[in-house]
């Protein structure tokens, strides 16, 4: 793996871990409030998948840019679920996903393309 790809995937992995922690905290707070249990459970599940994702991005993954590019639909669904069923706190996690995780992949698409991913 070249240095640019290694740097980009390491940063992406770290951002995925941060996203997982954010979603875990939001989910726990929502479940504890009892009012927002639906979105809290959803966010805890999202946290678990993001911890797995943080490891997956470190291995060569053909189509990673396309996967993250098409991810916007899932983020919007998550945003709606959190606003409707979980209050505004979940919107912070969605904004992190859009502007710091997904955007990182899209800004570095040439690095992935150069590596054949």
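The values are calculated or read from the model by the stated rules, or taken from the named source; none is laboratory data. Keep in mind that this is a model prediction, so the values were computed, not measured. Cβ: placed from backbone, ideal geometry, glycine included. Neighbour counts: every protein chain shown.
Of everything in the range 35-69 that's more than 18 Å from residue 15 (Cβ to Cβ) and surrounded by fewer than 14 Cβ atoms within 10 Å (Cβ to Cβ), which residue is modelled with the lowest pLDDT? Walk me through it before giving the result.
Here is the first cut: in the range 35-69, the residues more than 18 Å from residue 15 (Cβ to Cβ) are 35-42, 44-45, 60, 62-63, 66.
Subset that is surrounded by fewer than 14 Cβ atoms within 10 Å (Cβ to Cβ): 35, 45, 60, 62-63, 66.
Values: 35: 69, 45: 90, 60: 82, 62: 88, 63: 89, 66: 92.
Looking at the filtered set, the residue picked out is 35.
Of 17, 10, which residue is within 27 Å of residue 114 (Cα to Cα), part of a helix (DSSP H, G or I) and without any contact (Cβ under 8 Å) to a residue 40 or more places away in the chain?
Details: 10 fails: without any contact (Cβ under 8 Å) to a residue 40 or more places away in the chain.
The match here is 17.
Could you run through the range 1-34 and say how many residues are surrounded by fewer than 18 Cβ atoms within 10 Å (Cβ to Cβ), modelled with pLDDT of 90 or more and more than 13 Å from residue 47 (Cα to Cα)?
Total satisfying the criteria: 7.
Do you know which of the residues in the range 50-62 that are touching a residue at least 12 places away in the same chain (Cβ under 8 Å) and in a helix (DSSP H, G or I) is farthest from residue 91 (Cα to Cα)? Can you show your working first?
To start, the set of residues in the range 50-62 that are touching a residue at least 12 places away in the same chain (Cβ under 8 Å) comprises 50-51, 53-55, 57-58, 60-62.
Checking the rest, the ones that are also in a helix (DSSP H, G or I) come to 50-51, 53-55.
On the way: 50: 17, 51: 19, 53: 20, 54: 21, 55: 24 Å.
Of everything passing the filter in the range 50-62, 55 is farthest from residue 91 (Cα to Cα).
Does the range 86-96 include one or more residues that are closer than 21 Å to residue 3 by Cβ and not in a helix (DSSP H, G or I)?
Initially, the range 86-96 is screened for residues closer than 21 Å to residue 3 by Cβ, giving none.
No, that holds for no residue.
Conditions first: (1) at pLDDT below 90; (2) in a helix (DSSP H, G or I). Residue 76 passes all but one, so which condition is the exception?
That leaves (1) as the condition not met.
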